[in-house]
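See structure below.
The values are calculated or read from the model by the stated rules, or taken from the named source; none is laboratory data. Note that the structure is predicted; figures quoted are calculated from it, not measured. Cβ coordinates were reconstructed from backbone atoms using ideal geometry, including for glycine residues, and neighbour counts include every protein chain displayed.
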Amino acid sequence: MRISLCNEVLAPLELGDQCELAARLGYDGLEIAPFTLAESPDRITADEAREVRATVESNGLVVTGLHWLLVRPNGLSVTDPDAGVRRRTLDVVTRLIGLCAELGGKVLVHGSPKQRAVAPGETLDVATRRLRDFLAQAAEIAVRHGVVYCIEPLAPSETAVVNTLEEAAALVREIDSPGLRTMIDCSAAAATEALGVAELIDRWLPTGLVAHVQANDPNRRAPGQGELRFGPILDALARHGYDGTLAVEPFDYVPDGAGSAAWSIAYLRGVRDGLGLRR
C-alpha cells in the first residue's frame, strides 16, 4: 500500500517543488488534480505529459492517479439537461483518462459534486441515469488505457447523486466493466455511512468493487487532526491485503498546506508502524 499526497495541498508551489517536498516528507507518490497542471488540462499534450511524469519520477515519486477531474475547464457536467454539455464533458474526461495513463497513474477519482448535481426541475432518477450512461462510456475508455475510473460516494451536503457505497456499488455492478470501480473517501464515509470506515472496508473490499482509498477526517482536515482514528482503518486495509493507494486529501489545511502534508504522513506512518504493518 502506497501513501500518496493529493498535490493541490501544496499549491501554489511549482510542480517540481511539490515533488521535492512530498518526497522529503516521505510520500510515495502524488495524486494529481488536473486543474493544477493547466487551465484546460484536456489540452495537455503527450509531450507535456511526459515532462510532468519525468518531473515527478525524478524526485523518486510516482503519479498514482488523478482526482478533481471536472473543475476545469468551466461549464462541465455529466447530468446537465443539455446533451452538448454532457458530450463536451465526456470529451474532456476521455483526454484525462489518456493523460492518467501517460503519467503512469492507475486510477481516476470522479468526485466533482457540482458537476453531477440534479438540475433544477429534474429528478434524482434522471440525474442518476445520466451519470450511469456517462460512467459506462468512461469505463470503456478506461479499459482501453489500462486504468480504472472510480465513482466517489459523497455526502448529501455536496451532492444528491450517489452518497453511499451501496449506491456506487449498484452502478458498478450494473455497468459490469473492469474499467469502473468505486472508492472510499474516509471523510465522506464517516459523515454519511451507517457503518464505520473500518467496517465498510470489511464489508466492501472483499467484493473487489473498491479500488482506491482517500484519507481525511470528517472535519475536512488531515488524518489525525480530528476524531476519526486510522488505526482500525489501516488494520482493516492490511487484513484484506489492500495493495492500492491511500491518498491524503485534506480540504482544510492546518496550519497550512505544507504543515498539513507533513502532519498527515507522520501520523499515518506512526499508526502503521505502531500496528507493526509492513510498508
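Matching residues to (1) surrounded by 14 or more Cβ atoms within 10 Å (Cβ to Cβ); (2) without any contact (Cβ under 8 Å) to a residue 12 or more places away in the chain; (3) not small (Gly, Ala, Ser):
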site: 3; (1), (2), (3): yes, no, yes
site: 14; (1), (2), (3): no, yes, yes
site: 17; (1), (2), (3): no, yes, yes
site: 33; (1), (2), (3): yes, no, no
site: 44; (1), (2), (3): yes, no, yes
site: 47; (1), (2), (3): no, yes, yes
site: 91; (1), (2), (3): no, no, yes
(request) Could you check how many residues of the stretch 238-258 are touching a helix residue (DSSP H, G or I) at 6+ places or on another chain (Cβ under 7 Å), surrounded by fewer than 23 Cβ atoms within 10 Å (Cβ to Cβ) and either of a type in the set (Val, Ile, Thr) or within 23 Å of residue 32 (Cβ to Cβ) (or both)? (result) 5
(request) Assess whether residue 190 counts as being touching a Leu at 6+ places or on another chain (Cβ under 8 Å) and farther than 26 Å from residue 11 by Cα. (result) yes
(message) Restricting to the stretch 178-204, give me the number of residues that are surrounded by fewer than 18 Cβ atoms within 10 Å (Cβ to Cβ) and outside any helix (DSSP H, G or I).
(response) 4
(message) Within the stretch 148-177, take every residue that is closer than 18 Å to residue 247 by Cα and in a loop (DSSP other than H, G, I, E, B) and give me the one that is nearest to the chain's Cα centre (by Cα).
(response) 152
(request) Only one of these is among the hydrophobic types (A, V, I, L, M, F, W, C) and crowded, with 17+ Cβ neighbours inside 10 Å: 170, 119, 127. Name it. (result) 127
(request) Kindly establish whether residue 102 is of a type outside the set (Lys, Arg) and assigned to a helix (DSSP H, G or I). (result) yes
(message) As an exercise: evaluate residue 19 against (1) modelled with pLDDT of 95 or more; (2) over 22 Å from residue 212 (Cα atoms); (3) over 18 Å from the mean Cα position of the chain (by Cα) and give the number of the one condition it does not meet.
(response) (2)
(request) Determine whether the stretch 208-229 contains at least one residue that is closer than 23 Å to residue 264 by Cβ, in a helix (DSSP H, G or I) and touching a residue at least 40 places away in the same chain (Cβ under 8 Å). (result) no
(request) Please find, among 159, 207, the residue that is surrounded by fewer than 18 Cβ atoms within 10 Å (Cβ to Cβ) and either of a type outside the set (A, V, I, L, M) or touching a helix residue (DSSP H, G or I) at 6+ places or on another chain (Cβ under 9 Å) (or both). (result) 207
(request) Of the numbered conditions (1) in contact (Cβ under 8 Å) with a residue 24 or more places away in the chain; (2) at negative phi; (3) not in a helix (DSSP H, G or I), residue 60 fails exactly one; give the number of that condition. (result) (2)
(request) For the stretch 106-118, state whether one or more residues are farther than 11 Å from residue 67 by Cα, touching a residue at least 60 places away in the same chain (Cβ under 8 Å) and not in a helix (DSSP H, G or I). (result) yes
